[in-house]
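Please read the structure below before turning to the comments.
Where a number appears in this text, it was derived from the coordinates with a stated rule and is not lab data. These numbers were taken from a predicted model, which means no experiment stands behind them. Counting neighbours? That spans all protein chains shown, and the Cβs are built from the backbone with ideal geometry, glycine included.
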Amino acid sequence: MATLTTEELENKELTRQYKELLRISYQSLSPKDKKMIREAFNVAVDAHKEQRRKSGEPYVFHPIAVARIVASEIGMDAVSIAAALLHDVVEDTPYTLSDIERLFGKTVAVIVDGLTKISHLNKDKDVSNQAENFRKMLLTLNEDIRVIIIKIADRLHNMQTMDSMPADKQVKIASETLYIYAPLAHRIGLYNIKNELEDLGLKYTEPEVYNDIYEKIEESKEQREEYIKDFTNIIKASLDKEKLEYKIKGRHKSVYSIRRKMLNSNVSFDEIYDKFAIRIIYNSDRDSEKFFAWKIYSIVTDHFRPNPIRLRDWMSSPKSTGYEALHITVVGPKGKWVEVQIRSERMDEIAEKGYAAHYKYKQGDESEIGIETWLNRLQETLENPNGNAVDFVEEFKLNLYAKEIFVFTPKGELKSLPKGATPLDFAFHIHTGIGLTTRGARVNGKLVPLNHELKSGDQVEIITSSTQKPNANWLEYVITARARSKIKNALREDHKRIAELGKEILTRKLKHLKIKADEKIFHELAAYLKLKTSFDLFYRAGSGSLENYQIKDFVSQRSNKFISFFKSKMRRESGEIDDVKQEVTANYDMLVFGKNEEKLDYKIANCCNPIPGDDVFGFVTVSEGIKVHKKDCPNAIAMQSNYAYRILKAKWEDSTQREFKATLKINGIDNIGLVNEVTKVISNNMHVNMQSVSFESDSGLFNGKVVVVVRNNTILKKLIDNLKKINGIDKVQRV
């Protein structure tokens, strides 16, 4: 039998993948749909025939894989599948947008154009700030939501096939994914893809942490399956008695969510009790869904004691992503807390596929409501295109991940807001005009401050006044991007008006002192008063905080001592620079940076306070030189994603002569002589000095805080291990 050539094998694989693509499509495909997908497939194969990926396989396998994700995991339509197959064609091959429109129509061309624009943004060397790229990317949503959905699928496949990339590229792409694409997938309702993006992001940003948790999840797989079997056996007879069609399955939490819970709750893997959830998925027509869900709830709670404060009814008030389910937490077999999620098959599909499932279950035009509502909210976030891009991304992410509350207007209309929203957020949610003129608020009939946190079920009434104007404090009273954007715009307009008035006033005053007012004079006066810009100068003049004597002093200095003034200023600035340099070089010769392991001046970042032995990286700041952060610093993901070009590799060199502070938090059961034992262990550990210690005891429990001075991380870890061995101590953590 003749051996097939590489080309023949690849052609055989392409044929198989094409048939598979049609077979796994979530939407039912008409002959017309299949014809479009076949043509798109052929164009993609022809366009990419000369290209190969870094792994060595033909490049066309990438757009096919993206189309598979779009077709099956996200469940989009034929237009989306065709656009996914063609998403790199215009960027990388001789095919033009006009060719795509001629062959496949306007809609596919618009989507491919949007995807091409995103790719160009990411490769444009002049646009180095990824946050700015992200904002521009979101603007493409105005053209078609499918642009972003296909982009998420594209990113998922890239993350799945990153092994052949250099390590620094892997970290940059993974950080960007955690910072931008995972939250976006969450908001669209693509929960499975969100979980996979987060897990892959963690795999490349913190591989040791990821592998450790993943292995522990795998080790507990048999126990988990046994537990689900025990749970099912207890309630099966009762469910069968009601003649319900159902299936029970378990799903463990993602590696990333377990990691997040470990960090947020300061617990170990073994201390997390809800590592997995049990799902009961039942068959029902649309009208009987609620009835059957509460019947199953009743059966489950007959057998297992529920936690009343952990009931979540997402059926009566679905999440804005379209998610519907009933969640309860019960004491399951062996006395363990377990979350039970009750969903109909329709709800389960919506949870798995996001908005795509709405198309399948649409009634009239209702299928568009979810996407339209989300697009409208997104548009509100995009309304202020001139703001700071990083602020925009942070605010947008807050809105993406926000849990929801439901509050009522005085007329009984139900409004959805993010958890933590205030009456001022509510006012801007109703109408910008109401928000800008808000004077006060009543919640459930009582007057409350504007920063009062609203709760689900509150009835909110806004009191307005035509004379009311926003002030800077309002920015601290709101959490929604819409409200912040509107307040900032109003403050900016107000400042602009005051500055314009101030410029006129200043021009008149300078004219009175026989000085011709021009831009040069305004800049000189701003520098003299140590103001950053001439706008600050005009604003001061307009608001009345610029005194006449200050202007006269400037004119006097300018005419008599102009040269000496600037000489002394230069001397002062030079002195300041020397002071800063001295402060920086005090920490010199402890770390090496970059591939060549250079010794550079740096400062330790206060946000994470790394010490020798910690995994670290350098970040080139705008005004303070290099700052050194821990790799698991809370700010690391944002920095690596937004400013990858400012990240420096860093590693500790021998630092045996240096000492660093570390704070330990200790808690456990109080007993006589415990403090003495703790201080004794610290004293007996070589190279450790105790700087301060404080203990509090309450009802037999104690909490302590110890500040020690150590030379490196190895010594600190050894100390923590020894402290944990003391009888009565439960936890020892580095703060």
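Where in the stretch 266-288 is the amide nitrogen less than 19 Å from a point lying 7 Å along the Cα-to-Cβ axis of LYS336? Only 267-280 fall inside the zone, counting backbone N under 19 Å. Annotation: amide H-H contacts under 5 Å for PHE660 (H modelled 1.01 Å from N, sequence separation of 5 or more, or interchain): VAL710, ARG711.
Phi angles of the stretch 162-168 translate, via the Karplus equation with coefficients 6.51, -1.76, 1.60 and θ = phi - 60°, into HN-Hα couplings of 9, 4, 8, 8, x, 4, 5 Hz per residue; Gly and Pro are given as x. Each peptide in 146-153, 239-246 was scored by the mean count of other Cβ atoms within 10 Å over its residues; highest first, the order is 146-153, 239-246. Highest mean packing first, where packing is the average number of other Cβ atoms within 10 Å per residue, the peptides 178-184, 82-88 line up as 82-88, 178-184. Taking 0.36 nm per residue of separation and subtracting the current Cα-Cα distance, fully stretching the chain between LYS35 and ARG508 would add 162.8 nm.
Inter-part distance, the stretch 68-107 to the stretch 227-251, computed on C-alpha centroids, equals 44 Å.
Among 16-24, 272-280, the peptide with the highest mean count of other Cβ atoms within 10 Å heads the list, and the full ranking is 272-280, 16-24.
Less than 5 angstrom separates the built amide H of SER344 from those of TYR282, all sequence-distant by 5 or more or on a different chain.
Taking 0.36 nm per residue of sequence separation and removing the Cα-Cα distance, the VAL267/LYS216 pair yields an extension gain of 16.9 nm.
Past 20 Å, Cα to Cα: identify those pairs from LYS169/LYS261; LYS509/LYS552; LYS599/LYS717; LYS54/LYS651, in the order given. Can you show the working numbers first?
Working: LYS169/LYS261 27 Å; LYS509/LYS552 9 Å; LYS599/LYS717 27 Å; LYS54/LYS651 29 Å.
Correct reply: LYS169/LYS261; LYS599/LYS717; LYS54/LYS651.
Converting phi to 3J(HN,Hα) with the Karplus coefficients 6.51, -1.76 and 1.60 and the offset θ = phi - 60°, the stretch 293-310 yields 4, 6, 5, 5, 4, 4, 5, 4, 6, 5, 9, 10, 6, x, 8, x, 7, 10 Hz in sequence order, with x at every glycine or proline. A simple count of charges around TYR282, restricted to other residues whose Cβ falls under 15 Å of its Cβ and scoring Lys, Arg +1 and Asp, Glu -1, yields +1. For the pair THR663 and ASP553, how long in nm is the line joining their label points, each one 7 Å along Cα→Cβ? Between THR663 and ASP553, the label points sit 4.0 nm apart. In plain terms, the chain from ASN676 to LEU529 could stretch by 47.1 nm, reckoned as 0.36 nm per residue minus the Cα-Cα distance.
Which value, in debye to the nearest 20, describes the size of the charge dipole of the stretch 583-652 about its Cα centre when Lys and Arg Cβ atoms bear +1, Asp and Glu Cβ atoms bear -1, and nothing else is charged?
Details: 9 positive and 9 negative charges, 44 e Å.
The calculation lands at about 200 debye.
Just add up the charged neighbours of LEU447: K/R +1, D/E -1, any other residue whose Cβ is under 14 Å from the Cβ of LEU447. Walk me through the intermediate numbers first.
Working: positive: ARG439, ARG442, LYS446; negative: ASP458, GLU461.
My count for the surroundings of LEU447 gives +1.
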